[in-house]
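I have placed the structure first, in the form of structure tokens, so that the comments after it can refer back to it.
Read-outs: derived from the displayed coordinates by stated rules, not from any lab. Just so you know, these numbers come straight off a predicted model, no measurement behind them. Here the Cβ positions follow ideal geometry from the backbone for every residue, glycine too, while neighbour counts run over all protein chains shown.
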Amino acid sequence: MTKELWINLPVKDVAMSREFFTRIGFQINDHFPGDPNVMASFFVGTKSIVLMLVAEEMFRQFTNHPIADPKLGNEVLLSIDAESREEVDQLARTVAEAGGGVASPPGDGGGGMYGFNFTDLDGHRWNVLHMG
């Protein structure tokens with residue numbers, strides 16, 4: 001069965017997106033042999049989740065389908081966990097400093113969840129949660 005999950009996101013500028021995700025703490029996948037001008041690969045967390053940032057033109061070739069504009073509507077909400085409320089707060093500051101948009105500031109979300117939402121440089125929506 002499946003051992004890894006690869007999330008592929010189209011991006012306008014691979015180099016800028018690589019810098020953004022590096023700044024917010026994602027770990028570059030040095031074993032990925034792809035062209036760094038066209039793709040970037042990151043490990044997300046510790047459970048074999050791979051984030052692939054793919055130049056829009058190549059992404060279109062993969063899917064043979066138009067790319068939705070995430071700034072005009074939600075395509076997906078990517079959620080990641082945090083170890084503590086303090087980590088949520090720190091990541092919100094780091095995202096803003098790296099050029100991302102904090103869509104909703106850190107706060108209690110009910111049911112013991114504390115988190116915030118942000119958008120990356122291309123408008124993809126992310127959710128960071130601490131369950132405590």
**OP:** With the Cα gyration tensor of region 77-131 in hand, give its eigenvalues times 5 under a square root as the equivalent ellipsoid semi-axes, listed largest first in whole angstrom.
**Re:** 18, 12, 8
Subject >> For region 114-126, 3J(HN,Hα) per residue [Karplus equation, 6.51 cos²θ - 1.76 cosθ + 1.60, θ = phi - 60°, Hz, x = Gly/Pro] >> reply: 10, x, 8, 10, 9, 10, 7, 5, 9, x, 5, 8, 10
**OP:** Rounded to the nearest Å, what's the spacing between the alpha carbon centres of region 115-132 and region 20-65? Just the number, please.
**Re:** 18
Original post:
Using +1 on the beta carbon of Lys and Arg, -1 on that of Asp and Glu, and nothing else charged, what's the dipole of region 5-63 about the Cα centre, debye to 20?
Top reply: 200
**OP:** Normalise the Cα radius of gyration of the chain by 2.2 N^0.38 Å (N = residues in it) and let me know the number.
**Re:** 1.06
Subject >> Under 16 Å from the Cα of LYS12 - aspartates and glutamates, other chains or at least 8 residues apart >> reply: ASP35, GLU56, GLU57, ASP69, ASP120, ASP122
Subject >> Dipole of the chain, positive direction: furthest Cα of ILE7, PHE62, PRO33, with charges on the beta-carbon >> reply: PHE62
Subject >> Cα-centre dipole for region 77-131 with unit charges at Cβ (Lys and Arg positive, Asp and Glu negative), debye to 20 >> reply: 160
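Within the set of other residues whose C-beta is less than 15 Å from the C-beta of GLY123, count the net charge using Lys and Arg as +1 and Asp and Glu as -1.
Values: positive: LYS12, LYS71, ARG125; negative: ASP13, GLU56, ASP69, GLU75, ASP120, ASP122.
Here the count lands on -3.
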**OP:** May I ask for the net charge around ASN37, where only other residues with Cβ less than 15 Å from the Cβ of ASN37 are counted and Lys, Arg are +1 while Asp, Glu are -1?
**Re:** -3
Original post:
For the chain, what is the mean residue ellipticity at 222 nm derived from helices alone (per DSSP H run of n ≥ 4: -39500 (n - 2.57); sum divided by total residues; nearest 500 deg cm²/dmol)?
Top reply: -7000 deg cm²/dmol
**OP:** Run the quick spin-label model on MET58 and PHE32: label points 7 Å from Cα toward the beta carbon, then report their separation in nm to one decimal.
**Re:** 0.8
Original post:
Suppose every K and R has +1 on its Cβ and every D and E has -1 on its Cβ; what is the size of the dipole of the chain about the Cα centre, in Debye to the nearest 20?
Top reply: 160
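With Cβ to Cβ distances under 15 Å as the rule, what net charge do the other residues near SER84 carry (K, R +1; D, E -1)?
-4
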